[in-house]
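Before any comments, here is the structure.
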Amino acid sequence: MLQPVVDKDHVIEPRFLTLDRRIPEQIRQLVAEADGCASMSFAVGGSSCMRLAIRQAFELESIASDDFHTAIVALRGKHPSVAPTLFQVIERLGAGDEPLQADTLKALIATFKAVLYEMYVLGEERRETLAYLSEILQALDADKMLPNPNPRPTRAARDSGDRR
């Protein structure tokens, strides 16, 4: 008997698939609902929840457009650190009103979770990192920050007799 390529019983899910508390509650609830619907093969409910979650993200990001393509482009513009391919997948799978097939719905959910993770989790972690480093650098004595005007000669220069 053939073994599956990925043994789901022994694989740890990637971190982005867990809905972090830093993702806005309204979006988190809708994505969790879509995830539950997808696991029970409720295509209509899952598709509707995902489309509502995406539109909720537009609203929270102050993107006022009724055109799905235009709104996705605007969201991508607000978050240039997120891979453009992720937005393309969301645009392709999330547009329309028809229920999505089970695999398509799962792909849309995973992709949107990746975008949310990039926007709200990694973005926040980057801001925290930069704030921390900024505090450390500001606390340094300004003299310690300046480069040494008389650098020591390199070993090769010393060995060759070249004194600077």
Could you grab me the full set of residues in segment 34-78 that are among the β-branched types (Val, Ile, Thr) and touching a Pro at 6+ places or on another chain (Cβ under 9 Å)?
44
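Yes or no, residue by residue, for (1) under 20 Å from the mean Cα position of the chain (by Cα); (2) over 21 Å from residue 121 (Cα atoms); (3) of a type in the set (A, V, I, L, M):
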{"residue": "25", "(1), (2), (3)": "yes, no, no"}
{"residue": "37", "(1), (2), (3)": "no, yes, no"}
{"residue": "42", "(1), (2), (3)": "no, yes, no"}
{"residue": "46", "(1), (2), (3)": "no, yes, no"}
{"residue": "61", "(1), (2), (3)": "yes, no, no"}
{"residue": "76", "(1), (2), (3)": "yes, no, no"}
{"residue": "90", "(1), (2), (3)": "yes, no, yes"}
Kindly indicate whether any position in segment 135-151 is farther than 18 Å from residue 52 by Cβ, modelled with pLDDT of 65 or more and in contact with a Lys or Arg (Cβ under 7 Å, 6 or more places away or on another chain).
no
Restricting to segment 17-42, and then to whatever is surrounded by fewer than 17 Cβ atoms within 10 Å (Cβ to Cβ) and under 20 Å from residue 93 (Cβ atoms), can you tell me which residue is modelled with the highest pLDDT?
32
Going through (1) within 19 Å of residue 57 (Cβ to Cβ); (2) at pLDDT 90 or above one by one, residue 81 fails only at (2)
Long-range neighbours under 8 Å by Cβ, at least six apart or interchain, first residue aromatic (Phe, Trp, Tyr) within segment 64-91, second part of a loop (DSSP other than H, G, I, E, B)
68/95
Residue 123: passes all of (1) surrounded by fewer than 16 Cβ atoms within 10 Å (Cβ to Cβ); (2) modelled with pLDDT of 90 or more; (3) under 10 Å from the mean Cα position of the chain (by Cα) but (2)
Counted residues in segment 98-122 being hydroxyl-bearing (Ser, Thr, Tyr) and without any contact (Cβ under 8 Å) to a residue 24 or more places away in the chain come to 1
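Just to check your reading of the model, which residue among 71, 114, 95, 131 is hydrophobic (A, V, I, L, M, F, W, C), within 27 Å of residue 36 (Cβ to Cβ) and surrounded by fewer than 16 Cβ atoms within 10 Å (Cβ to Cβ)?
Of 71, 114, 95, 131, the one residue that is hydrophobic (A, V, I, L, M, F, W, C), within 27 Å of residue 36 (Cβ to Cβ) and surrounded by fewer than 16 Cβ atoms within 10 Å (Cβ to Cβ) is 95.
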Considering segment 58-67 alone, what residues qualify as being in contact with a Leu (Cβ under 7 Å, 6 or more places away or on another chain) and either small (Gly, Ala, Ser) or farther than 16 Å from residue 95 by Cβ (or both)?
61
Hey, residue 55 more than 26 Å from residue 101 (Cβ to Cβ) and surrounded by fewer than 18 Cβ atoms within 10 Å (Cβ to Cβ) or not:
no
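The values are calculated or read from the model by the stated rules, or taken from the named source; none is laboratory data. As the structure is a computational prediction, the values presented were derived from the model and not from experiment. Note: ideal-geometry Cβ built from the backbone for every residue, glycine included; neighbour counts use all protein chains shown.
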